[in-house]
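Everything on this sheet refers to the single structure shown next.
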Amino acid sequence: MDELRFKGKWNQLKGKAKQQWGNLTDDDLTYIEGKEDELYGKMQEKTGKSKDEIRKWFDKQMEDLD
């Protein structure tokens with residue numbers, strides 16, 4: 001995913017992720033540049049989804065926002 005696009009749309013994506021997986025908190029979704037794997041790891045623990053599934057979900061959401 002393009003880093004600039006991701007950062008620009010992060011608030012929208014964060015809201016969509018909370019709707020998709022209701023048990024995620026703002027702390028779980030804290031995005032720190034260069035620490036995407038940490039973010040995906042937190043989400044993996046909370047959702048039970050694989051990192052690959054989570055990445056694909058975010059990629060799809062980015063396409064829908066464009």
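The values are calculated or read from the model by the stated rules, or taken from the named source; none is laboratory data. Quick caveat, the model's predicted, so the values are computed rather than measured. Neighbour counts run over all protein chains shown; Cβ positions are idealised from the backbone, glycine included.
Just a few scattered comments:
- Matching entry among GLU33, GLU45, GLU63 (being modelled with pLDDT under 85 and more than 12 Å from the chain's Cα centre (by Cα)): GLU33
- Pairs, first in contact (Cβ under 8 Å) with a residue 24 or more places away in the chain in region 43-66, second among the charged types (D, E, K, R) and surrounded by fewer than 14 Cβ atoms within 10 Å (Cβ to Cβ), C-beta under 7 Å, six or more apart: MET62/ARG5
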